[in-house]
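Coordinate-derived values only; no laboratory data. Keep in mind that this is a model prediction, so the values were computed, not measured. Note: ideal-geometry Cβ built from the backbone for every residue, glycine included; neighbour counts use all protein chains shown.
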Amino acid sequence: MEDVDSLVRLKFYGVRDLANGWLAEKAVALVQSYSSGRKLLSLNDALELHNALEFEKNNIFPNFLTAQDHTELALSARESRRRVASFFSTIEASNLKEHLNKMDFQYADDLLRLIERHGVAKRVGGQMLFEALSDAALPLEVMLADRQFVNRNDRKLREVMLSDAQNGELLVRMRLVKDSNPLYHLPASLSGEDMQQLLSAYIGSASPHLNYVQAIAESNDNDSFGLTPKIRLEAKKRHKDLIEELLAAKRTKTTNTYHGLRLDPEQRKPVIDRVERDENSVSYVRSFSEKYLLSSMDPERILLNFASVVGFLERGLLTMPSFKGQLGALRTLLISGRDAYPRGSAFNYVDALTLNGTQFYSDFLRQYSIEVEDSVAWFFREYLVDKFGAANFYFAASSPSSSFLERCRHISAEMESIARQFSLYCDEGVLDPELLQMTSTPRPWAAIPSFTERKYLHRGSNHNCDRAMHLLFSDQSGMTYISSELKASNFVELITENEVSYESVRPHQKESIDWLIDEGLVAVDSDLLEFAQPVQVLVLSDINNREAAAYGHYGTDEASAALVLMQKGWLEFSSTLLTRPEASYFNYFLNKSEFSDGPDLRNKYAHGTNADPGDISTHRQSYFQLLRLLVALTLKIKDEFRLAARAQPSTMSETP
């Protein structure tokens, strides 16, 4: 590479790049200098000038330019574009390799684009151009990003891809991970069998990336992309081996996480959570009061205990789903399969405690000859009739003598029946058993209706709302650190737990603070920052934490604040039984309609692809996962009837 290129050259990374503001001045200076007679001495000069011209093309200018400056810059840009075109017209077979040997690889994508635009391939020949680019080590992924180049070199690119097992990683990054790049183009001649061969070679290679192997295992079957059950099984086994190798390495230090439950005969509070730590482990222990559980053994109290003591429900929303706001910036940066359910530490914590809690509480009740399913059956057969006059609902509990395999098959079918019953009730206002028998197709979990018009609040498609949520709650907002004494995980925490003066705010943060002030969320009182509308911030916090808010559970102040945010276009109402994250949670455990890596419990037990009947431990685990979903669905329906009775007392009254 030529010595002059040891200097940092200008690069345009897109209209949203944060560096555009301070690079624009340099771009303008470059355009003006070349239009005034400066010569293009190398390929890198031409590529840098092309990048400078992208600033002008996208109207990214320094703030100090006048209208006259803009007019003159347009003329300079026209002349500079002519110079770039003239330079590329001089590239021919005799000097092609010399130019490429000195190329700055940050311009690789620009090079292909300009080669196509200025007809270089026609002058030097397609075969020679491909060989020269390969000899210059132009990255394969750069080649695949240019559709015209891929089409022109289809067969050659296929051969290159199949020649190296590591190119299987490129396939994964192109299609199988979250935030895959849709701009890559595969050679048309690369068949599904070719890609299966490449993925298999990558899985079996000496050092495949652990997370990419996991992404293959978590993907949905797609024969046209080489994804077959056999390939996914290879990836699953290889992933297990890689994990074992990682843990066996002496240099790897791990922290073990444990989740425990205990029954305390002397404890007063219904439930207490503790965290116990030592050098190599963290234990999350949930303690239940034996006296309290023994005092609440009737069916209604049992369901309420699942909601509050086992921890299924908070203010009408399930606690168990994965929520984007809980993942954090680090988790979102980790590689995960494109179709995988997003699971972070918060999800894993609640999942372990609620699943173990379901099993623990069920076993506790069974000591007193009480089955949880019987409480569910009581709710549908008696409670809905007695409290709300909603007749004809039914649920048939499993036989206490049935195996866990039989219970899993039974409860899967009964849960679908409950969903159909409730949907028909919402549509018709009554549950007609004969009409129910004629409606065999179940609705997707996200499409089960509600008879509460304003059931949930969730974010609308609004840029200002997105910006406010980012500034208030994100750990990557740039608003979390002022000094070593004034720092927090997000801006809301920073303001609520500290006295922060407006003058102490760093210069780069003041524009965002001023914007929040203009939006009426933040105020300055005696130079101290405070929330001008704290209730609105609380509502937005609910949306951030659970991706929805149960409007019917709000008091007067919260409801008023929510309506203001809705009128601004920041929030919207929806009317379904489940929120979007809740529906996704059901999909994750029950089917593969949305995610590729879930237990697929409904389909496995409905279609006979479940574990060996003799594997009692696996079926027991599946049963408690299904029982947790059944109780969660029952609690959501119970909450639905209570909210509707409160909103429409004249048509649906809740009797004491």
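Listed values, structure above:
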{"item": "Farthest positive-ward along the stretch 456-574 dipole, Cα basis, beta-carbon charges - from A468, S574, I513", "result": "S574"}
{"item": "FRET efficiency for Q648 and S36, using Cβ-Cβ distance with R0 set to 56 Å, rounded to 0.05", "result": "0.15"}
{"item": "Amide H partners (placed H, <5 Å) of L227, local residues excluded", "result": "N222"}
{"item": "Identified option (computed P(r) over Cα pairs in 20 Å bins from 0, in percent; candidates (i) 14, 27, 31, 24, 5, 0; (ii) 14, 38, 34, 13, 1; (iii) 11, 19, 24, 26, 12, 6, 2, 1, 0)", "result": "(ii)"}
{"item": "Under 19 Å from the Cα of K510 - aspartates and glutamates, other chains or at least 8 residues apart", "result": "D466, D475, E485, E493, E499, D518, E519, D525, D527, E530"}
{"item": "Listed peptides 467-475, 43-51 by packing density, highest first (mean Cβ within 10 Å)", "result": "43-51, 467-475"}
{"item": "Alpha carbon centroid spacing (whole Å) that separates the stretch 480-501 from the stretch 574-626", "result": "42 Å"}
{"item": "Highest-first arrangement of 387-395, 580-588, where packing means the average Cβ count within 10 Å", "result": "580-588, 387-395"}
{"item": "Rel. contact order, % - alpha carbon contacts under 8 angstrom, at least six apart, the chain", "result": "11 percent"}
{"item": "Residue among M297, L318, S287 farthest towards the positive dipole end of the stretch 256-360, charges placed on Cβ", "result": "L318"}
{"item": "Amide hydrogen neighbours beyond the local backbone of L261, cut-off 5 Å, H modeled", "result": "R286"}
{"item": "Alpha-carbon centroid distance for the pair the stretch 413-433 / the stretch 142-170, whole angstrom", "result": "53 Å"}
{"item": "Computed E for S224/S440 - FRET, C-beta separation, R0 35 angstrom, nearest 0.05", "result": "0.65"}
{"item": "Built amide H within the under 5 Å cut-off of L529, gap 5+", "result": "V500, S501, Y502"}
{"item": "Simple spin-label estimate for D194 and E279 in nanometres, 7 Å along Cα-Cβ", "result": "5.6 nm"}
{"item": "Exposure proxy ranking, count of Cβ atoms within 10 Å, fewest first, for R454, R238", "result": "R454, R238"}
{"item": "Per-pair calculated FRET efficiency, R0 = 30 Å: S345 and K237 via Cβ, rounded to 0.05", "result": "0.70"}
{"item": "Non-local Lys pairs in the stretch 3-138, i.e. 8 or more apart or on different chains, that have alpha carbons under 24 Å apart", "result": "13"}
{"item": "Greater than 31 Å apart at Cα, pairs in K269/K592; K237/K604; K237/K636; K240/K269; K291/K455", "result": "K269/K592; K237/K636; K240/K269; K291/K455"}
{"item": "Label point distance in nm, H508-S296, each placed 7 Å from Cα along Cα→Cβ", "result": "5.0 nm"}
{"item": "Rg/Rh ratio calculated on Cα atoms of the stretch 148-223 (Kirkwood radius)", "result": "0.95"}
